[in-house]
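Asks: This structure is in structure tokens; I'll ask about it shortly.
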Amino acid sequence: MAFKIGDRLVYPNHGVGVVETIQESLLEGSPAPCYQLRLLGNNSRVMVPVGNSDRIGLRPLTRRKDVGSVFRVLENATLPPTGDWKGRYKQNLDRMRSGRLTDIADVLKNLTWVQKQKALSFREKKMYERARYLIVSEIAQINGLPEGEVATEVEKALDRAILKRRPLTPLAAANGNNRGH
């Protein structure tokens, strides 16, 4: 996908940025067009070769009409089996790398649930914070809202998922009644 100067886009795992310039830069000895992005979260600048933008996963902001699906993912009480933290971490890392906001919402929801059960590992805690930041910052940009307001709505959605998810009692497990799981 081609971007123009001034376009807001998402650089997976880094957040929302804006294309400031498109210029020729020397890559491996030959000139190639590159996007110069300013990441809005920390005001840093990144050069991305135009030819690598698809491989890297640069994408336009999620459409405003699709934000509801992100909140539906956050509110959904269905969670995959958690397993050990290493397997869970790898699955979540793959979802984070996809750059899709619904995948990131799934990671945030899953890690929120795990965090309610036990302490997250250091790596998972960092992933939780990154997922939360990516969701809040992109939705704030899409809807033109303050990040604090969006963060409150994200927390409410996660709380609704936790409330829907009832703890599994031994009797319910024996009867196969696994409601909300």
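Any read-out appearing in this document is the output of simple, stated calculations on the displayed coordinates, not a laboratory observation. Quick caveat: nothing in here was measured; it's all calculated off a predicted structure. Positions of Cβ are backbone-derived with ideal geometry, glycine not excepted, and every protein chain shown enters the neighbour counts.
Asks: List the relative contact order of the chain as a percent without decimals, with contacts defined as Cα pairs under 8 Å and 6+ residues apart.
Replies: Reported relative contact order: 20 percent.
Asks: Using only the Cα atoms of region 21-124, what do you get for the radius of gyration and for Dmax, in Å?
Replies: Gyration radius and largest Cα-Cα distance of region 21-124: 17.8, 53 Å.
Asks: Between 61, 163, 108, which gets the highest mean-square fluctuation from a Gaussian network model of the chain, Cα cutoff 10 Å?
Replies: 163
Asks: Post the alpha-carbon centroid distance, region 17-88 to region 104-160, in whole angstrom.
Replies: Value for the Cα centre distance between the two parts: 17 Å.
Asks: If contacts are Cα pairs under 8 angstrom and at least 6 residues apart, what is the relative contact order of region 64-170 in percent?
Replies: Taking the mean separation of contacting Cα pairs over the length of region 64-170, I get 37 percent.
Asks: Same structure, new question: When only C-alpha pairs under 8 Å and at least 6 residues apart count, what is the relative contact order of region 8-60, in percent?
Replies: 35 percent
Asks: Need one number: convex hull volume per residue for region 8-60, Cα atoms only, in Å³.
Replies: With only Cα atoms used, region 8-60 gives 71 Å³ per residue.
Asks: Work out, step by step, the length gained on full extension between residue 22 and residue 97: first 0.36 nm times the residue separation, then minus their alpha carbon distance; give nm to one decimal.
Replies: 24.5 nm
Asks: When you take every Cα atom in region 64-170, what is the radius of gyration, and what is Dmax, the widest Cα pair distance, in Å?
Replies: Final numbers for Rg and Dmax: 13.5, 47 Å.
Asks: Could I have the simple spin-label model distance between residue 126 and residue 66, label points 7 Å from Cα toward Cβ, reported in nm to one decimal?
Replies: Result: 2.8 nm between the two label points.
Asks: Please report Rg over Rh for the chain, where both radii come from the alpha carbon positions and Rh follows the Kirkwood definition.
Replies: Rounded to two decimals, Rg/Rh equals 1.06.
Asks: Under a crude label model (7 Å from the Cα following the beta-carbon direction), how far is residue 162 from residue 2 in nanometres?
Replies: With each label placed 7 Å out from Cα toward Cβ, I get 4.8 nm.
Asks: I would also like to ask the following. Which aspartates and glutamates, on any chain, are close to residue 156 with Cα under 19 Å apart, when same-chain ones fewer than 8 places away are left out?
Replies: Those aspartates and glutamates meeting the cut-off are 66, 75, 103, 106, 129, 138, 147.
Asks: Considering only 36, 117, 23, give the residue with the highest GNM mean-square fluctuation for the chain, with springs between Cα atoms whenever their separation is below 10 Å.
Replies: The residue with the greatest mean-square fluctuation here is 117.
Asks: Related question: Please rank 162, 135, fewest neighbouring Cβ atoms within 10 Å first, as an exposure proxy.
Replies: Sorted ascending by nearby Cβ count, the order is 162, 135.
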